[in-house]
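Engineer: Below you will find the structure I want to go over with you.
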């Protein structure tokens, strides 16, 4: 279908924001995802400024036989696939944040970034379970689960959601929580964006305290030595420490700080909620390996978002990830055989995140995905400015997935799944229940998520 079938005058008349169509001067900017390698071609883009705009977009798209997809920043956009026959609702203009310091909650609009929440909550000593990059959208991140630097002690961000304002496929704006539309509320907490367009999210904040965080750097040639030491070290850690073992190959770009520009490292990144003495004691075995840089220090909430060193804006990148049941020595050797310093697959970043602790499944939390039945998470990404680089990265990712298959978990993590067709993000019973929720609220499949759930009739 084309945008000619959309009642454009009627939609424009109802919008507080804007409507952009193919051929308009701002079309290329409007349709762009954060992930610059994803070339999105929807039938129209609604630049939503309010929940009423979302209602109008859903009603008129459905009336024209079109589907809708919501996007805040456009992280993890690749699995959406073709947007033909789809109205793309951009919520990036809706960035309001209201903190209730007494209740320890935040109410955020659909386009809010974690940087917005961190800045608003910091004066009260509070924080959300933010992603490792400040410019990630709160809503998409939370719908996919949400893996923060405090995850091993605090669990997934989805578990902190207490209510959501959503527009369902019938064009109705609803507030859903444990008492109102409980099945829909269960589905959106970890089940992704297939069930409704979220216009606002309310979630609990945590007292940040005085965490220590930072990175230990070694030359990449020591990758095997350092990562094997880190692997053993994770088995000794209390839940208050969350860490990542990572290979980093910094490009020669002005955006990269001069001390690391064009250099390659094996690093251990970490955040500790222990006090300074206990953190130093925990770090002693790694520091004994003689890192060439050690940036661990007391962190504010904003500084936590700098540890992972994510690029400060949209980039042409290609990546993917999966979960591991375990990480024995032979699994780490297999990982290094594909992405290590002597491998033919020189990814920008290849990381293994330590899970466990409060990230174990939490039935009492009630969401579709409340934790991971896995011990570690893998994610790799390359800079891919041209199609040949994309294809080469996909070949490398496929090779890594194959060698790690003996230790791979049966389920995956939505926010690390950058390609369609990987491991399902939940067990069969959960996926079946999600399909029944989809059938109840959106039997025609009007609303598209980047990791789709098909309706399953009751």
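Engineer: Please report, in Å, the Rg and the Dmax of the stretch 212-416, where both are computed over Cα atoms only.
Structural biologist: For the stretch 212-416, the Cα radius of gyration and maximum Cα-Cα distance read 16.8, 49 Å.
Engineer: Could you tell me the convex hull volume per residue, in Å³, taken over the Cα atoms of the stretch 246-286?
Structural biologist: Considering the Cα atoms of the stretch 246-286, their hull volume per residue is 97 Å³.
Engineer: Further question: Once the Cα atoms of helix 387-403 and of the chain are each reduced to a long axis, what angle between those two axes, in degrees from 0 to 90 to the nearest 10, is obtained?
Structural biologist: With both axes taken from Cα atoms, the answer is about 60 degrees.
Engineer: Where does each of 217, 195 land when they are ranked from fewest to most other beta-carbon atoms within 10 angstrom? The partial results should precede the final answer.
Structural biologist: Working: 217 21, 195 28.
Final ranking by Cβ density, sparse to dense: 217, 195.
Engineer: How far is helix 276-287 tilted off the main Cα axis of the chain, in degrees rounded to 10, range 0 to 90?
Structural biologist: That helix lies at roughly 70 degrees to the long axis.
Engineer: Then there's this: May I ask for log10 I(q)/I(0) of the stretch 53-187 at q = 0.15, 0.17 Å⁻¹, from a Debye sum over the Cα atoms as equal point scatterers with solvent left out?
Structural biologist: Results for the stretch 53-187 at q = 0.15, 0.17 Å⁻¹ read -0.80, -1.01.
Engineer: Please work out the FRET efficiency for the pair residue 278 and residue 12, using the Cβ-Cβ distance as r and a Förster radius of 41 Å; give the result to the nearest 0.05. Intermediate results must be reported in sequence, preceding the final value.
Structural biologist: Numbers: r = 59 Å, r/R0 = 1.45.
Efficiency at R0 = 41 Å is approximately 0.10.
Engineer: Something else now. Compute the Kirkwood hydrodynamic radius of the stretch 370-419, taking the inverse of the mean of 1/r over all pairs of distinct Cα atoms, and give it in Å to one decimal.
Structural biologist: 12.4
Engineer: Then there's this: Give the Debye-formula value of log10 I(q)/I(0) at each listed q (0.19 Å⁻¹), with one equal scatterer per alpha carbon of the stretch 48-115, two decimals each.
Structural biologist: -0.81
Engineer: Sorting 246, 433 on the 10 Å Cβ count, fewest up front, what's the list?
Structural biologist: With the fewest neighbours first, 246, 433 line up as 433, 246.
Engineer: To continue, here is another question. What Kirkwood hydrodynamic radius, in Å, does the stretch 211-311 give when the mean of 1/r is taken over all pairs of distinct Cα atoms and then inverted?
Structural biologist: Averaging 1/r across every pair of different Cα atoms and inverting gives 14.0 Å.
Engineer: Taking a ≥ b ≥ c as the square roots of the Cα gyration tensor eigenvalues, with a/c under 1.5 meaning rounded and otherwise prolate when a/b beats b/c, else oblate, which class fits the stretch 182-224?
Structural biologist: Values: a/c = 4.32, a/b = 1.98, b/c = 2.18.
Judged from the Cα gyration tensor, the stretch 182-224 comes out oblate (a/c at least 1.5, b/c at or above a/b).
Engineer: For helix 223-234, report the angle its Cα long axis makes with the longest principal axis of the Cα atoms of the chain; keep it between 0 and 90° and round to the nearest 10°.
Structural biologist: The two axes meet at around 80 degrees.
Engineer: Given only helices, namely DSSP H runs of n ≥ 4 each adding -39500 (n - 2.57), what is the per-residue ellipticity at 222 nm of the chain, to the nearest 500 deg cm²/dmol?
Structural biologist: -7500 deg cm²/dmol
Engineer: Another question about this same structure. Suppose the chain between residue 258 and residue 423 were pulled fully straight at 0.36 nm per residue; how much longer would it get relative to their current alpha carbon spacing?
Structural biologist: Details: separation 165, 0.36 × 165 = 59.40 nm, distance 3.87 nm.
Answer, rounded to one decimal: 55.5 nm.
Engineer: I've got another one for you. Can you give the convex hull volume per residue for the Cα atoms of the stretch 252-369, as a whole number of Å³? If you can, show how the numbers build up before the last one.
Structural biologist: Details: hull volume 22.6 nm³, N = 118.
Taking only Cα atoms, the stretch 252-369 has a hull volume of 191 Å³ per residue.
Engineer: Can you report the principal axis dimensions of the stretch 3-90 using only the alpha carbons, biggest first, rounded to whole angstrom?
Structural biologist: 33, 23, 23
Engineer: Fewest to most neighbouring Cβ within 10 Å: what's the order for 272, 26?
Structural biologist: Placing the least packed residue first, the sequence is 26, 272.
Engineer: Still on this structure: Could you compute Rg(Cα) / (2.2 N^0.38 Å) for the stretch 126-283, with N its residue count?
Structural biologist: 1.29
Values quoted throughout were computed directly from the atomic coordinates according to the rules given, and no laboratory measurement underlies them. Owing to the predicted nature of the structure, the values given are computational and were not obtained by experimental measurement. No Cβ is skipped: glycine too gets one built from the backbone with ideal geometry, and neighbour counts run over all protein chains shown.
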